[in-house]
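The values are calculated or read from the model by the stated rules, or taken from the named source; none is laboratory data. Since the model is a prediction, treat every value here as computed from it, not as a measurement. Here the Cβ positions follow ideal geometry from the backbone for every residue, glycine too, while neighbour counts run over all protein chains shown.
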Amino acid sequence: MVSPILWRCPQMPHIIYPFKSGLRIHSFTTTSPLSAKPLKPKGSPPSSKMNPGKQRMQSSKVHVKKKPIMVQKPAYEVGQRKELRKRIVLSNTNAIPVVLPTMTADLIGNEDAAGAMFALPSREADTIVDRLRALEAFQTKQHWPFFYRPCTLFRKETVEVGRLLERVMRREGAGEDGRVNERAILHGYYGCGRSMLLLQAMTWALQKEWVVIAIPNAQDLVIGHTEYELEGNSHLWLQKAYTTDLLNRVLEANQKTLKGVGFPSSCPARAMMKISQSYRLGRTDEVQKGDLMKTVLETAVLDPLLAWDAFNALLGELSLPGSPPALFALDNLNQISIPSKYRDPAFNAIHSHDLALPNTFLAYLSGKRGFHKGVTLAATSSKCSRTLALDAALEGRGVDPYERLDPRIGPSIEGAQIIHVDSLSKEEAKALMDYYNESGIMKDPVDIATFNEKYAVSAGNPRDLFGACLRIRQ
Amino acid sequence: MLPRTASVRSSILRILPRHTSLAPRSNPVLLRNFASRYTPPPTPSKPIGPSQDVLPHISEEGAITAGIMGGEGLYPMPGVPIGEMLRTDPTALQNTPKLFKGIPGVKREYSTTATPIEPPLPEAPADIASSTAPAPAPTPPPVSPDAFALTIPGAKYPLPKLPLPSCSHLKHRYSTLLEQVTNFIMIGGRKAKAESLVDQILANLRTRPAPKPREGTPLLPGTPALSTLPLDPIQYLQTAIDSVSPLVKILMLKGGGGAKQPVPYPLRLRQRRRFALTWISAAADKKKDRLGFAERFADEVVAVVEGRSSAWEKRSQVHKLAVVSRANVIIDPGRTVAPSKIRFPIAVL
């Protein structure tokens, strides 16, 4: 509203208020209602182009939508999807081959080699890669298909794993009965390379002609996918089908050792290949003393009913003096620390430790049973539901009476050495990034800025480092 | 109606405080020129010297003189090279300055342009000024941003170089092509899923055998050798998508007589890529094998580069129709577009 008096105005301007005259304005009309136009009828205004009849006709028209042509695809065959899921590709011919030294058995426990890349032995005469593949040591999550040939990083944790093998070979810390057993658990954050360390241990063990028994994924034992039955004597649940598969893998990977080819005839290890006592296989079969271990396993592989006894016979023979050293490895230890998916006849969940194979492994891990010379190695996994009891046991905490933790977990890993797998050091990360760059799959040059950026982003975690270097989605 | 007036309160008219520093402004552009009668006008920085007199070339001058005098000039043509002259006339060598004798026919390596040499100011000769007057304070060298970055106390790394590269922005980390492919694949806003699918596509392209070149596949010119593509999967994807992308789309517009007529319409880069992506994914979905999306898509990308994808047929179909209906192209005279903004060569049609 304009104020009537203007500020600092010497002369009053002449202002006219047009509506403030004597004329009054009514807020109502004085026109007669009869002279108003008639109200328009309600509804849509009639358009000049379209008459209402036509409009109605159009709205009632049924639009038939064309169906998209569906392509009939053939159904999957039995096992095809599992094969696709588990297919391991170890070579990429597009990648540039990198010349690297071979990961030989001389490197066991060698500290100077830490922080360098090594190629797995893959010469024509060497069947190590095939044997590792038979043991399912390679996993799909490990980025093998991007590189020309399988290569691994020698880390400071690799040295520690090598020390275990070295101690067994040198018979350090042997008891009165001459038994040497090393037990260890690889533990760390996700993607820190535990499974890869298992692979490296297996590589060395195979090169040294050890007997390698490996359970590549403990999850297969507890998710209720295999047949199971109760054995009366031990009150354990046997998984005979899985045991047959396991023996098959052991047989394929350890052909040379079981035949005793590489050993001189005077070596006691050769004598082991023959059975020292007679065993009963299944209900009817029996193997006599002096039979070859290989033939025992071969017969057991054909008949699942004999598998469990044959497996026990193998373990029993490996605990006798003169037997070759053994490596018993299991990946995803967490999976056998939670209740299994199996049910007993009363429909109670079966505890994982009541299954025969996990029970046997844990007996070796906790030192209740032992090889004559052997290493028992387990690796935890991060892809598992929470295992509070195992975490407490790994941290060395006692069971809190106010926490409802599984009391069987702690004793099952008692006495095992815990190897903490840490993130990569800068030297190791540099070696890894140089390898990516030389393979031609990482385009950025590894200069100080790139290196620092990728190392900081991945916090030295090997899996994240790969993601930071080569992926969009990390 | 009377003109509206507005009263202004005096409080509004007060001078607002300005957020300026008290230090004198040093920017000469912002300084206002000060002119006074008593101040002499500034001297020009470089006075025109006598040597800058505009005179024609010496041979031209000779020719003009000869024209005036009615005789023959010294040289028939203006601008005869000195080396040539010396070679033809042996007597000229005696009269030439010493300068040219040593280097006949060779261009001088130094300039002979007359530059005005400013005489030293009479009131302040250089030697006296340096001895008597106090030496002016040495001006500090200009600090470059890089040098400043290196001298931040306590910093581990120098400041990043400016301007930052385009990929350094959090939301624009990837190339525009990858972002478009990701968004094209995305369903229901599940971007993480789409990104991992793109990852799988790129991993598939990395590990497949290199595409075999086929005659007659109109790949983009400048495509690197096909054998090198698997090691650079983004380039691989870009080659496929940019090669099959159409230049135009066909709009069916109502023409005269109520009939619809096809009108080719140029597309921008992003639109072209979208057409290519639609065709590639449509061809991938028609595959008979049971494959995952990433595998299907990667298969089709390889097929595009090898020239056996159905996307090529769609592209040539669009282009043929565009060529046929090129007479219908609307060139709107009322629409003014800067010549630099026109991306599409209409004459190609």
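Annotations for the structure displayed:
- Residues located in the range B:184-202, provided they are of a type outside the set (Gly, Ala, Ser), surrounded by fewer than 15 Cβ atoms within 10 Å (Cβ to Cβ) and more than 11 Å from chain A (Cβ to nearest Cβ): B:Ile187, B:Arg190
- Residue under evaluation B:Leu269, criteria (1) within 20 Å of B:Thr182 (Cα to Cα); (2) within 14 Å of chain A (Cβ to nearest Cβ); (3) surrounded by fewer than 21 Cβ atoms within 10 Å (Cβ to Cβ); (4) aliphatic (A, V, I, L, M), criterion not met: (2)
- Tally of residues being at pLDDT below 90 and more than 23 Å from A:Trp144 (Cβ to Cβ) across the range A:436-451: 5
- Matching residues, the range A:296-308, being closer than 17 Å to A:Pro358 by Cα and more than 30 Å from the chain's Cα centre (by Cα): none
- Evaluation of B:Ile250 against (1) touching a Leu at 6+ places or on another chain (Cβ under 6 Å); (2) closer than 23 Å to B:Pro213 by Cβ; (3) β-branched (Val, Ile, Thr) (one fails), failing number: (2)
- Check on B:Gly154, over 35 Å from the mean Cα position of the chain (by Cα) and at pLDDT 95 or above: no
- Taken across the range A:104-112, residues that are assigned to a strand (DSSP E or B), among the β-branched types (Val, Ile, Thr), touching a residue at least 60 places away in the same chain (Cβ under 8 Å) and within 24 Å of A:Leu377 (Cα to Cα) do not occur at all.
- Any chance A:Arg386 is more than 14 Å from chain B (Cβ to nearest Cβ), of a type in the set (Lys, Arg) and surrounded by fewer than 18 Cβ atoms within 10 Å (Cβ to Cβ): yes
Quick grid of which residues meet (1) crowded, with 20+ Cβ neighbours inside 10 Å; (2) of a type outside the set (A, V, I, L, M); (3) out of contact with any helix residue (DSSP H, G or I) (no Cβ under 8 Å at 6 or more places or on another chain); (4) within 14 Å of another protein chain (Cβ to nearest Cβ):
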position: A:Glu403; (1), (2), (3), (4): no, yes, no, no
position: A:Glu427; (1), (2), (3), (4): no, yes, yes, no
position: A:Leu432; (1), (2), (3), (4): yes, no, no, no
position: A:Glu438; (1), (2), (3), (4): no, yes, yes, yes
position: A:Ile441; (1), (2), (3), (4): yes, no, no, yes
position: A:Asp447; (1), (2), (3), (4): no, yes, yes, yes
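- Condition check for B:Pro211: within 13 Å of another protein chain (Cβ to nearest Cβ), surrounded by 20 or more Cβ atoms within 10 Å (Cβ to Cβ) and either touching a Phe, Trp or Tyr at 6+ places or on another chain (Cβ under 9 Å) or among the charged types (D, E, K, R) (or both): yes
- If you go through the range B:177-198 and pick out every residue that is over 16 Å from B:Glu300 (Cα atoms), of a type outside the set (Lys, Arg) and out of contact with any Ser or Thr (no Cβ under 9 Å at 6 or more places or on another chain), you end up with 12.
- The residues in the range A:453-474 that are closer than 23 Å to B:Leu229 by Cα and more than 10 Å from chain B (Cβ to nearest Cβ) can be counted, and the count is 3.
- Taking the criterion of being touching a helix residue (DSSP H, G or I) at 6+ places or on another chain (Cβ under 6 Å) and away from chain A (no Cβ under 11 Å), the residues of the range B:214-231 that qualify are B:Arg214, B:Leu219, B:Leu220, B:Thr223.
- Residues being outside any loop (DSSP other than H, G, I, E, B) and more than 22 Å from B:Gly292 (Cβ to Cβ) - total across the range A:66-102: 1
- Residue check for A:Glu182: part of a helix (DSSP H, G or I), among the charged types (D, E, K, R), touching a strand residue (DSSP E or B) at 6+ places or on another chain (Cβ under 8 Å) and crowded, with 21+ Cβ neighbours inside 10 Å: no
- Residue pairs whose Cβ atoms lie under 8 Å apart, separated by 6 or more positions or on different chains, with the first residue in the range A:355-374 and within 26 Å of A:Ala241 (Cβ to Cβ) and the second in a helix (DSSP H, G or I) and among the small types (Gly, Ala, Ser), are A:Pro358/A:Ser352; A:Leu362/A:Ser412; A:Leu365/A:Ser412; A:Arg369/A:Ala363.
- Criterion violated by B:Ser243 - all others in (1) crowded, with 18+ Cβ neighbours inside 10 Å; (2) within 12 Å of chain A (Cβ to nearest Cβ) satisfied: (2)
- The residues of the range A:437-452 that are in a loop (DSSP other than H, G, I, E, B) and either more than 23 Å from B:Thr228 (Cβ to Cβ) or basic (Lys, Arg) (or both) amount to a single one, A:Lys443.
- Residue, modelled with the highest pLDDT, within the range B:301-349, restricted to residues that are over 30 Å from B:Lys260 (Cα atoms), of a type outside the set (S, T, N, Q) and exposed (fewer than 10 other Cβ atoms within 10 Å of the Cβ): B:Ala338
- Residue in the range A:102-110 that is at pLDDT 95 or above, surrounded by 12 or more Cβ atoms within 10 Å (Cβ to Cβ) and closer than 27 Å to A:Lys256 by Cα present: no
- Qualifying positions in the range A:143-160 - part of a helix (DSSP H, G or I) and either within 20 Å of the chain's Cα centre (by Cα) or within 14 Å of chain B (Cβ to nearest Cβ) (or both): A:Trp144, A:Pro145, A:Phe146, A:Glu157, A:Thr158
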